[in-house]
Amino acid sequence: MIKRITVIAIMLVSVMGMAQDKNKKMTFEVDGKCEMCKMRIEKAALGVAGVKYASWDIPTHQLSLVMDERKTNSMQIKSAIAAVGHDTKELKATEEAYNAVHPCCKYREDNSDDSNSHKKDND
Ligand SMILES: [Cu+2]
């Protein structure tokens, strides 16, 4: 009985903690490597209705977001990002979506950060 009350209490607290916030801040990791990935990831995130701000950091691979929880959730955003070829921990891009990214953005083969590689590209 006490156990059940505890479970209910924990559920209530977590429900209150998840109260919908129209300016919810969130950060999660997205795989990618360069400036082109940054543009692609941010564009995909901002394309989701309810996303107000998206900024992907090249060295840390962290995507910072501000979103309206009444309109969207992190899984929707992750789906949009996976659809343009970028992996998150929860959702991997399909082989097809991944193959569609620019050859120099093939982050799965090479984990190194090469944020300057596009600038060196002369042709
Ligand atoms: Cu890239």
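Descriptive notes on the structure:
- Extension gain, D57 to A19, is 10.9 nm, computed as 0.36 nm per intervening residue step minus the present C-alpha separation.
- Summary of packing: across the peptides 87-99, 22-34, the per-residue average of other C-beta atoms within 10 Å ranks them, highest first, as 22-34, 87-99.
- Given K78/K106; K43/K78; K52/K106; K71/K106; K25/K78; K24/K52, the pairs whose alpha carbons are separated by over 20 Å: K52/K106; K71/K106
- Sites I10 and A83 - FRET efficiency at Förster radius 30 Å, r taken between beta-carbons, to 0.05: 0.30
- Peptides ranked, highest mean first, by Cβ atoms within 10 Å: ranges 40-46, 70-76: 40-46, 70-76
No value in this document is a laboratory result; all are computed from the given coordinates. None of these values were measured; they are calculated from a predicted model. Positions of Cβ are backbone-derived with ideal geometry, glycine not excepted, and every protein chain shown enters the neighbour counts.
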